[in-house]
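Here the structure comes first, spelled out in structure tokens, and everything after it is commentary.
The values are calculated or read from the model by the stated rules, or taken from the named source; none is laboratory data. Since the structure is predicted, the reported quantities are computational estimates derived from the model, not experimental observations. When we count neighbours, we look across all protein chains shown, and the Cβ atoms used for this are built from the backbone with ideal geometry, even at glycine. Accessible surface is based on the protein model in full, side chains and every heavy atom, while ligands, DNA and RNA are left aside. Shrake-Rupley method; radii C 1.70, N 1.55, O 1.52, S 1.80 Å.
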Amino acid sequence: MKIDLHTLGPLVALVALVILGAALNSAFLAPANITNVLARSAFIGLIAVGMTFVITAGGLDLSVGSMAAFLAGIAIIAMNAALPTTGLNWGTILIGMGVAILGGVLAGYLNGALVTKARIEPFIVTLGTMSIFRSLVTWLADGGTLSLDYGLRTLYRPVYYGGIGWITWPIITFAIVAILGEWTMRHSRFGRHVEAIGSNDRVARYSAIDVNRMRLLTYVLLGVLVGLAVVLYVPRLGSASGSTGVLWELEAIAAVIIGGTALKGGRGRVWGTVVGVLILSLIDNILNLADLVSPYLNGAIQGVIIVLAVVLQREKRTAEER
Amino acid sequence: MKIDLHTLGPLVALVALVILGAALNSAFLAPANITNVLARSAFIGLIAVGMTFVITAGGLDLSVGSMAAFLAGIAIIAMNAALPTTGLNWGTILIGMGVAILGGVLAGYLNGALVTKARIEPFIVTLGTMSIFRSLVTWLADGGTLSLDYGLRTLYRPVYYGGIGWITWPIITFAIVAILGEWTMRHSRFGRHVEAIGSNDRVARYSAIDVNRMRLLTYVLLGVLVGLAVVLYVPRLGSASGSTGVLWELEAIAAVIIGGTALKGGRGRVWGTVVGVLILSLIDNILNLADLVSPYLNGAIQGVIIVLAVVLQREKRTAEER
Amino acid sequence: QDAEKKIIGVSIPSATHGFMGGLNWHAQDTIKRLGAAYPNLEFVLSTAGDPAKQVNDIEDMMATRNIDALVVLPFESEPLTAPVKAVKDAGKFVTVVDRGLSQEGIEDLYVAGDNTAFGRVAGEYFRDTLPAGAKVVVLRGIPTTLDNERVDAFRAALEGSEVQILDMQHGNWNRDDAFAVMQDYLAKYPQIDAVWAADDDMAIGVLEAISAANRQDEMWVIGGAGMKEIVKRIMDGDKQLPVNVTYPPALISSAIEMTALNFVSNAPMTGRFIISSQLITPENAEQFYYPDSPF
Amino acid sequence: MTVLALDNVSKSFGPIEVLHGVDLALEPGEVHALIGENGAGKSTIMKILGGFLDPTSGQILLDGEPVHFASGPEAEAQGIVVIHQEFNLASDLTVAANVFLGREIGGWRLDHAAMRDATAALLKRLDTRIDPDARIRDLSVPDRQMVEIAKALSRKARVLIMDEPSAVLTHREVGALYAQIDRLRAEGVAILYCSHRLDEVAYLADRITVLRDGRVVRQALRGELTEDGMATAMVGRELQDFYPPKGQPGDQPALEVRGLTVPSRVRDVSFTLRRGEVLGIAGLVGSGRTELAEGLVGLRPSTGNIRVEGREVAIRSLRDAFAAGLAYLTEDRKEAGLLLDKGLRENLTLATLERFGGWRLDTRAEDAALERATREFDIRAPRRDMPAGKLSGGNQQKLLLAKVMLPDPGIILIDEPTRGIDVGTKRQIYAFIRKLAAEGRSLIVISSEMTEVIGLADRVLVMREGRLAGELAGADMTEDSIVRLAMGVTGEAA
Ligand SMILES: Nc1ncnc2c1ncn2[C@@H]1O[C@H](COP(=O)(O)OP(=O)(O)OP(=O)(O)O)[C@@H](O)[C@H]1O
Ligand SMILES: Nc1ncnc2c1ncn2[C@@H]1O[C@H](COP(=O)(O)OP(=O)(O)OP(=O)(O)O)[C@@H](O)[C@H]1O
Ligand SMILES: [Mg+2]
Ligand SMILES: [Mg+2]
């Protein structure tokens, strides 16, 4: 098999970070810490897998963070509203999950339709919907926080914290979605067409691919995955507010690009995205492991590591191209 | 002369907004309000003109907001430090201005060099430097605010508030930069080369254009304009902190794209950018002037208007193509 | 000498606006001071930009730093309640600062300012000082629960008086945003008698906008939280800034210090300490003036 | 028995009508050649037949019935397959993925092996060694064309429309293409074939339609038209000698190249170009001719010693090459030659902007230059302000030539000078090259058309696998000897 340097580069960065972490603190490799890091990567991870498809098809979605906040908000409202009728049981929680996922489908459809039907630049569409979702959730929460009923929260909690041994549900979900995503990108017609569209949409059109439909589907897929991320997020914090999911979009896009997917589309690497997500979570985790510097400088270290992680990968590429 | 629909679209949106504003509140067209809105637009305006070049050459810069905060911070520190030696006079302020502009050159050079020499995706480079600059200014300010010496601030104040009649210096600067920017894009070799690079960098290379140097120059130009924006920003409030310039990058990019410049490069419209900047400032102004709805929903209205402004422009374009 | 090392984790929001900046500074300053004073205490500080990151930080402190106590200023009450409860359930000492958790009785020690008083004290000053028919505008912070509490209390204090609130928009505790909002208020309302800026960072922006419009003589401004520049001007008897309402960022210092004392002294440090908001007037301003703080 | 026909079809782009009442009928089992000057409307006809453009008036008849194709894929569903003049490949995807794009084999899971095998089989039939797993962006221009052909062959075509499929191919590959065309013809496929190589038209076509300025001016059956006759019908007047008489190159060396090496592609090439000489470089696809030229002008990192007019020069970028008086015309006009979305003027002056005004660009001077260039190179553009990508293929090539000649270079390297150019213009270009040589300039002409090299060059270098395989001059320049050197076959009968 041919080794793909685009994926290898970030992998090297990931391994370097793991070694650094282990050197800084022996607890780094303890199962508890690994569980924590993997589980919290799941939100951005799910979103980033969806984002990989959107970007590969030549799109972009800046609204995912706000969308997550909005979906969490309506899911919580729905569960609280249903509680008196349906009672304190899993049925109520399933309603909430359903609302999150269905809301994700609709929100993704909105973005996709504006991009493909109204033919507006994705950057603008999703910048607009980013404002809209953010502002709606703030309004729904009346400027404060929307909280899930305490009983429901206790019932729902194991969805984030429980699992099979130390492999908690978010980790399992992220793993399954990553595998399915990789499979879809590599081995399905949909993935093939997504890559073709991002590479050259005229060629795709000439090959009888319904370009608009496929593009729309990538946004819907991303919406569903944002919904799924929300399903895992709500039991963790039990609330949603205007500050939920701020900057998730940048993190997700960064993970996708660190992973070797080209921002201009045409080449999607779901594995790379997973590695990118892990790199970003590990940076935060490692900064917490040691008191390296003034906390004010955490951002600077983060920035340097992100750039370095990509340098590792690009260096190889230039060598290959020359 | 042929009418350019790309620029006309946003212009229609701008005129619609002006009419809306005037209808909602009679104070809207008062010279004081016009001065306020134009002067406030100047910061984003200067940056967006620079961003137009970067995007036209196929680049992107997410770091401008943080860069502005950082430059404002070092300019203030420099002026405060120079004060005991140079005294309370314009010389000291010129030092501060020099530091801001020179700092802008260096910061732009850093971004540009990482993009062109280290060959890293601009999105990642500037996401990294965005974190870095933001974190540096927070560190310099020790988490708080860097304030300019009171005497200096009083001396410096007229640079923002003064001017020729109601046309204050920021307005004048913005107008001059916009005209120079438009001229450069249309009538200079540099502008032609920038468009060529964004359109197809291989063709540019085969036409003996030093692609890397030109790309680097666009980042340096943007850095200089960020520096210039800072020169106008510091006298306004005389301070800088970690929250200065947050999200300016998104606003600047949005203005550029609303103005009809393509995000993928090759087609720059500086006039369009100016219109885009004005649209964005006007939305804020109108939302403040009119008691439309819950302030929580301001973001939603903003989002809708941004998308609509672009719909106006795109509708035309689809008709033109097949 | 107690040889056993105790680790105290401190988790606070990052310095995204003036007040938080001051709070960050006080936290670091206190940690440095206590670290030197008590060699068997170790501190772990982390700052978070959003609630989810703060939960991550707390998880990391538990999993990798093995803390004995946690001092937390929750970014938001709701999302932090369960994670902080988990820390308590693991047998750690928990100090909650400023924003109460949404469930009673989790923390050992609670040190807080009083947001309701913060709004009320300001509101009462407006009510008592302004003549009937006076018009005021309000700049709100970032939409959050605590902003709601302050604004509601302010409104309640004015209830029944003849003072009219013209408008309330969000200045997001940010100087630039406040400047723009105030400029637009000035364009919109020919008569404004007073401004409640609810935060001293916003007050700075508001004052600039007023003086740019040359309407300094028409209105005064009340901020909040006692920023040193503002306190200085009150001390100097600035007419535009008659008073201020405290909400000291130094409360984090008290919280960290009391938590430390719990380990180094014999006195158990538990209970609720509410540091109420006070009115800073030209007469008492001196005692609220900390020239070294960045805030 | 006509499968597909145009009935009185006209086509306008905006106010300009480019086809005027064209009738054309394609019969099964027949190769129908469409020839005409650049911009005559050949590609437009093909796009209309393939469903990619709507006729402005007139109709398309499929099996005698009027049809309307809403899109290319819709026409393809009816068995009408088009090989476009410009590439239609997604360059990030592999060869196999492109061949089966939109018609992937497999159920839920794509059957990669089946597609790869099928692609390999198709490519084998075309006698090329392209790896089905290679990405298109890593392929050379001729290889990409072979993939296009393979892609078209993989579709079940009743009608195959080929727009200059051979323009970028070399000898050997053209042979493979002919074999496939013969096979399809025998299977009863109707083929519409467009080419500027008249020898190939004479060899392949059962029926010929000659187009001039959007009108059919002549229809003929196999054997009714000689190559000269075709040329005359296309141009509308007699054409004399195809190649201009060769000149007398001077003795002074204009360019001396010693030990030029382009890492991993060209090794140790040395030659001397004399003033006033036209030096041909021949070789098979992939023999490194393009890399040699690009290394020479600083577009690729290279080592070696270069002297211009006896002075040693260091060329590290194209700018250095310009300064030394060298110019290079790329073979890849779509990707490296022209900005397809920019106007003619912007394209013409892009490499030489410093000649047009100081601080402010002098658009008047640019327009004047465009005026001159359109005359000198006979660029036929319906409108001056159209984007270069909307020009017909041949006219794009002429524009590119004009762009390269603008700095008035002393030494000119031309890679595939007449790709996609009609006979009439070819003659103009040949005459032009000769004129340049006569003026004392020196030229290197890289070409895959053997006859062109022989007819034009004073001397020819043959490359094989990145090295110089030999040099031929005068009467020794024959197709046979060039092929021998290029393939590395020695001895008399191989
Ligand atoms: N989309 C378009 N818009 C405007 N004009 C066009 C467009 N496409 C083609 N033309 C014009 O129509 C004419 C015919 O072009 P066409 O591509 O059919 O020529 P051709 O015979 O294929 O020439 P060549 O041999 O150079 O490929 C040309 O003048 C061309 O510039
Ligand atoms: N592996 C590759 N990666 C990228 N580009 C390539 C690769 N191989 C060839 N090319 C490009 O394809 C073109 C043709 O290269 P090739 O090696 O076939 O040289 P050539 O002898 O000039 O052949 P011809 O001129 O007949 O195409 C060149 O522009 C070259 O840059
Ligand atoms: Mg053609
Ligand atoms: Mg070649």
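A few comments on the model shown:
- Within the range D:288-332, the set of residues being of a type in the set (D, E, K, R) and away from ligand 4 (no atom under 12 Å from the Cβ) comprises D:300, D:307, D:309, D:311, D:312, D:316, D:319, D:320.
- For residue A:138, the conditions (1) within 13 Å of chain B (Cβ to nearest Cβ); (2) closer than 17 Å to residue A:75 by Cα; (3) open to solvent by 60 Å² or more (accessible area, probe 1.4 Å) all hold with the exception of (3).
Listed here are the residues, each with its yes/no results for (1) hydrophobic (A, V, I, L, M, F, W, C); (2) touching a Ser or Thr at 6+ places or on another chain (Cβ under 6 Å); (3) under 20 Å from residue A:93 (Cα atoms).
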{"site": "A:138", "(1), (2), (3)": "no, no, no"}
{"site": "A:145", "(1), (2), (3)": "no, yes, yes"}
{"site": "A:169", "(1), (2), (3)": "yes, no, yes"}
{"site": "A:172", "(1), (2), (3)": "yes, no, yes"}
{"site": "A:184", "(1), (2), (3)": "no, no, no"}
{"site": "A:203", "(1), (2), (3)": "yes, no, no"}
{"site": "A:208", "(1), (2), (3)": "yes, no, no"}
{"site": "A:217", "(1), (2), (3)": "yes, no, no"}
{"site": "A:241", "(1), (2), (3)": "no, yes, yes"}
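- Helices (runs of 4 or more DSSP H) lying entirely in the range D:96-214 (those with 1 or more residues that are within 15 Å of ligand 2 (Cβ to nearest atom) and under 19 Å from the mean Cα position of the chain (by Cα)): D:141-154, D:171-186
- Spans of helices (runs of 4 or more DSSP H) in the range C:14-117 with at least 2 residues within 22 Å of residue C:269 (Cβ to Cβ), within 12 Å of chain A (Cβ to nearest Cβ) and over 23 Å from the mean Cα position of the chain (by Cα): C:77-89
- Subset tally (residues that are within 16 Å of ligand 2 (Cβ to nearest atom) and touching a strand residue (DSSP E or B) at 6+ places or on another chain (Cβ under 7 Å)) for the range D:319-347: 4
- Pairs meeting the criteria (first residue in the range A:1-15 and within 14 Å of chain D (Cβ to nearest Cβ), second residue part of a helix (DSSP H, G or I) and at pLDDT below 70, beta carbons under 6 Å, at least 6 apart or on different chains) are A:5/A:316.
- From the options D:433, D:421, D:482, residue that is among the β-branched types (Val, Ile, Thr), over 30 Å from residue D:211 (Cα atoms) and in contact with a helix residue (DSSP H, G or I) (Cβ under 7 Å, 6 or more places away or on another chain): D:482
- Some residue of the range D:56-71 being within 13 Å of ligand 3 (Cβ to nearest atom) and open to solvent by 10 Å² or more (accessible area, probe 1.4 Å): no
- Top-ranked residue of the range D:228-258 - restricted to ones that are of a type in the set (S, T, N, Q) and either in contact with a Leu (Cβ under 6 Å, 6 or more places away or on another chain) or not in a helix (DSSP H, G or I) (or both), ranked as modelled with the lowest pLDDT: D:240
- Scope the range D:373-416; condition open to solvent by less than 10 Å² (accessible area, probe 1.4 Å) and either within 16 Å of ligand 2 (Cβ to nearest atom) or assigned by TED's automatic domain parsing to the domain that holds residue D:169 (or both); matching residues: D:397, D:400, D:413, D:414, D:415
- Close pairs from the range D:334-348: first more than 9 Å from chain B (Cβ to nearest Cβ) and open to solvent by less than 50 Å² (accessible area, probe 1.4 Å), partner of a type outside the set (Gly, Ala, Ser) and in a helix (DSSP H, G or I), Cβ under 7 Å, at least 6 apart: D:344/D:370; D:344/D:399; D:348/D:370; D:348/D:399; D:348/D:403
- Of all residues in the range B:204-242 being within 14 Å of chain D (Cβ to nearest Cβ) and either assigned to a helix (DSSP H, G or I) or charged (D, E, K, R) (or both), the one that is surrounded by the fewest Cβ atoms within 10 Å (Cβ to Cβ): B:213
- The one condition in (1) within 22 Å of residue D:84 (Cα to Cα); (2) within 14 Å of another protein chain (Cβ to nearest Cβ); (3) away from ligand 3 (no atom under 16 Å from the Cβ) that residue D:359 fails to fulfil: (1)
- The selection criterion, being touching a residue at least 12 places away in the same chain (Cβ under 8 Å), outside any strand (DSSP E or B) and open to solvent by less than 10 Å² (accessible area, probe 1.4 Å), does not hold for residue C:132.
- Which numbered condition residue D:44 misses (of (1) closer than 22 Å to residue D:165 by Cα; (2) at pLDDT below 90): (2)
- Residue check, residue B:187 without any contact (Cβ under 8 Å) to a residue 24 or more places away in the chain and open to solvent by less than 30 Å² (accessible area, probe 1.4 Å): no
- Residue check, residue D:285 open to solvent by 30 Å² or more (accessible area, probe 1.4 Å), away from chain A (no Cβ under 14 Å), of a type in the set (A, V, I, L, M) and within 16 Å of ligand 2 (Cβ to nearest atom): yes
- Sub-7 Å Cβ pairs linking a first residue in the range D:462-485 that is at pLDDT 85 or above to a second residue that is within 12 Å of ligand 2 (Cβ to nearest atom) and charged (D, E, K, R), at least 6 apart or interchain, are D:463/D:289; D:466/D:265; D:485/D:464, ordered by first then second residue.
- Scanning the range D:85-144 for residues that are of a type outside the set (D, E, K, R), more than 9 Å from every other protein chain (Cβ to nearest Cβ) and surrounded by fewer than 17 Cβ atoms within 10 Å (Cβ to Cβ) turns up D:105, D:107, D:113, D:114, D:121, D:134, D:140.
- Residue tally, condition touching a residue at least 24 places away in the same chain (Cβ under 8 Å) and surrounded by fewer than 24 Cβ atoms within 10 Å (Cβ to Cβ), over the range B:63-84: 4
- Residues in the range B:291-303 that are surrounded by fewer than 16 Cβ atoms within 10 Å (Cβ to Cβ) and more than 7 Å from chain A (Cβ to nearest Cβ) were compared, and the one that is farthest from residue B:33 (Cα to Cα) is B:293.
- Residue satisfying condition, being touching a Lys or Arg at 6+ places or on another chain (Cβ under 9 Å) and assigned to a loop (DSSP other than H, G, I, E, B), within set C:217, C:176: C:217
- Unique match (being touching a Ser or Thr at 6+ places or on another chain (Cβ under 9 Å) and either within 12 Å of ligand 1 (Cβ to nearest atom) or within 19 Å of residue B:190 (Cα to Cα) (or both)) among D:400, D:361, D:370: D:361
- Boolean, residue D:309 is at positive phi and either more than 11 Å from every other protein chain (Cβ to nearest Cβ) or buried (at least 20 other Cβ atoms within 10 Å of the Cβ) (or both): yes
- Residue check, residue B:150 within 14 Å of chain C (Cβ to nearest Cβ) and open to solvent by 40 Å² or more (accessible area, probe 1.4 Å): yes
- When each of A:262, A:254 is tested for being within 14 Å of chain B (Cβ to nearest Cβ) and part of a helix (DSSP H, G or I), the lone residue that passes is A:254.
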